[in-house]
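Each remark here refers to the structure printed beneath this line.
The values are calculated or read from the model by the stated rules, or taken from the named source; none is laboratory data. As the structure is a prediction and not an experimental result, all values here were calculated from the model. Cβ atoms come from the backbone with ideal geometry, glycine included; neighbour counts cover every protein chain shown.
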Amino acid sequence: MIRSMTGYGRAEATLAGKEITVELKSVNHKYFEFSCRTSRGYAFLEEKLKSYVGSRVSRGKVDMYVSVVSTGESEDCTVTVNHSLAGGYAKALAEICELYKVENDATATTIARFPDVLTVHKAPEDEEQVLESVLAVAKEAVDKFISMREAEGERLYADVMSRAKTILDIVAVIEERSPVLVEEYEKRLEARIVELVGNDTFDRQRVLTEVAIFADKVAVAEETVRLRSHFDQLESIMGATGAIGRKLDFLVQEMNREANTIGSKVQDATLAHQVVNIKSEIEKIREQIQNIE
């Protein structure tokens, strides 16, 4: 199944005392490019997440955001008192009361609220546990992300194959019309000669030679056969798995080349218009496959 390079996924869960949210989105890019923003203190997750996402995504510019917030449960924390600083604050308050003859209503709570009197020390993070939890949530987010890419890929597939059918229908018209052009040229040439010489006694072999030269000049059979072959390959590649975007990009270049050659050969306004339609549809296909992984 083909995938678009644009997608979005989000998942959240509470695991091992952490509220974890993982969100990712992507846009088109020639290669795989990954950037990650994490909560402060969790930068160690970035390389592991890049490796995981890279194992499931081949192309696209992927941006990921990871939030890890402690719930406070099962956290081993200790609180220490800066006695020197607390004593300094108490002494300063006493001095103020004595100097200005006011009541000293300071309490332990008052002193504890001053900056840096109390310090909370958290136990070191178990990085392996955090990584395991974040990867579990990331897997769910990436699953949703890929599901969205695949849904968009189905729409791209339908659009590209519909345009391919349109082009092949036009090619059939060109193949049917091309031999008629030669017959019409031969009739016009004979009529012109009769008009110039005044009768129908002329070198018919010379006319056949001119017609053969014209037929060779406007022959597009080789190009239409190759164009049909390219569309057979297109259908085959679109049905393949994995990253196919680059292959399709090259194939569309070859289609354009054949269409340009046909356009340079046709000597008929109707066919010239049909070639323009082919090139227009090929360009629309090219635009669509820029979105394919």
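The table below gives the values:
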| read-out | value |
| --- | --- |
| Any hit, region 28-37, residues being touching a Leu at 6+ places or on another chain (Cβ under 9 Å) and loosely packed, with under 12 Cβ neighbours inside 10 Å | no |
| Those residues of region 229-261 which are within 13 Å of I167 (Cα to Cα) and not acidic (D, E), in sequence order | S229, H230, F231, L234, V252, M255, N256, A259 |
| Residue under evaluation I174, criteria (1) under 30 Å from the mean Cα position of the chain (by Cα); (2) among the aliphatic types (A, V, I, L, M); (3) buried (at least 20 other Cβ atoms within 10 Å of the Cβ), criterion not met | (1) |
| Matching residues, region 16-27, being exposed (fewer than 15 other Cβ atoms within 10 Å of the Cβ) and within 15 Å of A141 (Cα to Cα) | E19 |
| From the options L248, L208, residue that is modelled with pLDDT of 85 or more, in the same structural domain as E281 (by TED's automatic domain parsing), of a type outside the set (D, E) and in a helix (DSSP H, G or I) | L248 |
| Residues satisfying the stated conditions in region 32-46, i.e. in contact with a strand residue (DSSP E or B) (Cβ under 9 Å, 6 or more places away or on another chain), farther than 12 Å from A138 by Cβ and of a type outside the set (A, V, I, L, M, F, W, C) | E33, S35, R37, S39, G41, Y42 |
| Matching residues in region 136-156 - criterion: being β-branched (V, I, T) and over 15 Å from the mean Cα position of the chain (by Cα) | V137 |
| Flag if T241 is hydroxyl-bearing (S, T, Y) and not in a helix (DSSP H, G or I) | yes |
| Qualifying strands (runs of 3 or more DSSP E) (wholly inside region 48-135; at least 1 residues being surrounded by 13 or more Cβ atoms within 10 Å (Cβ to Cβ) and of a type in the set (D, E)) | 60-70 |
| Sole exception among (1) surrounded by fewer than 17 Cβ atoms within 10 Å (Cβ to Cβ); (2) modelled with pLDDT of 70 or more; (3) under 19 Å from A269 (Cα atoms) for E154, by number | (3) |
